[in-house]
Every structure is written in C-alpha cells, then in structure tokens.
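Participant: Just passing along the structure, written as structure tokens.
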Amino acid sequence: MEGDRKKCLDAGMNDYISKPIRRKDLVKAIMRWIPQDKIKQSESTLNSKTSSEENKDLTSLGELVDMRIAGKNRTIFKSNFSKIIIYFIEDTQRYIAEIEESLSNNDLQTAKRIAHTIKSSAAQMGALRLSEQAQNFELKLKDSSIQMAEIKSEAFSIKNIFEETCQELQKNFIFAENPNQNRSRSHKQIKKGN
C-alpha cells in the first residue's frame, strides 16, 4: 500500500516491500542497494536465477497449495506440521464464520480486517489461491461503490477455495504423515475432534 510505503520511508527506512513478499520484488530491492560494480560481476548469474524463479512462480499460480512453501514449513515444524495445519484450518473456519456474521451485520470494516488475516496466514501456509482470493475480497471491501451481493459472492468464493485447500493440505500432509488416520474425515470433523 502506498500509504504504508510513505510512512516507512518517512520514518527513516531506506526501502519498502509490501506483503506478501515476492522473490522477484525482493531481488529488485536488494539490487537497488548493491553497489553497481558488484552487480555487474554477477549480473548473468542473478538474471538466470531470477528467470527460473519467475517460471516456478508462474507454474504455481493455479495451484491451491504451493508445495515449496508447505515443504519449507514441514521442514521447520517437523512432526508438529500436522498440528499447524489443523490449527490453520480451525482458525480459518472461525474467520470465515466471522466474515459471514460481519456481512450479515453490514460490518464491512470487520470483514476487511478478517480477510487481511486470512490473506496473511494462508500465504504463510502456502495456500496461495486462498490468500489471493482473500486479498481480492479485501480490496473489494475498500470499494465504496460495490454492491452487497458481489461482496457476499466474493466471501462465498473464499469459503469454496478454503474447502478445496483443506482437502489438498490433508491429502498431502496430514494423511501422508499419518497413514493410519481415517482418510474419510473432513476438515470439519478434525475441528470437532470426531
């Protein structure tokens, strides 16, 4: 957001990158601060790495879960990763219910705040489509000319993408790590502890 960028620069920061951080943007920001003679020494190497990273990003656009991000999380959290996924599912279910309640009360500010939370937590889990949909929803809520029917449709899309994301996370991580677990359990049953 441009206002955030200005505040950070006014506070004395040298540069600013908005969340979610994209590798391409991070590389560009770093390149701005590396002395030019150092850039020329490694320009061809950096360009080839940036191109391959961009291609990887393009191939994951349609995916529900970016397996590279999820894999890094699995490495970090080790045996607790299944629990982290369950917490993510439980929290996001609660957030979606809160969005629905906020919309029924015409409380768009609360819905926008919750969408921002979903956007961030989903990105951290590698649930990029869910994060993107939450971001779209958040942006639509900032548009004063948007109709409530369209807002509710966007909220419904978040819920649908969340359902698909849960299935993907469960299939690739929870059930893969715990093969004896009953695969017929849905994320709703996991939340209830059934």
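Participant: Rounded to the nearest 0.05, what FRET efficiency is calculated for Arg68 and Asn106 with R0 set to 35 Å and r the Cβ-Cβ distance?
Facilitator: On the way: r = 40 Å, r/R0 = 1.14.
FRET efficiency, Arg68 to Asn106: 0.30.
Participant: Right, another one. Just order 136-143, 73-80 by mean Cβ neighbour count inside 10 Å, highest at the front, would you? Please report the intermediate quantities before stating the final value.
Facilitator: Working: 136-143: 16.1, 73-80: 12.0.
Going from most to least packed, we get 136-143, 73-80.
Participant: From zero outward in steps of 5 Å, how is the percent of C-alpha pairs of the range 61-110 spread across the bins?
Facilitator: In order of increasing distance, the bins hold 5, 18, 16, 17, 15, 13, 11, 5, 1 percent.
Participant: So how much slack lies between Lys152 and Glu132, counting 0.36 nm per residue of separation and subtracting their Cα-Cα distance, in nm? Don't skip to the end; give the middle numbers.
Facilitator: Working: separation 20, 0.36 × 20 = 7.20 nm, distance 1.65 nm.
Between Lys152 and Glu132, full extension yields an extra 5.6 nm.
Laboratory data are not the source of any read-out in this text; all were calculated from the coordinates shown. The structure displayed is predicted, hence computed values, not measured ones. Please note: Cβ atoms are built from the backbone with ideal geometry, for glycine as well, and neighbour counts cover all protein chains shown.
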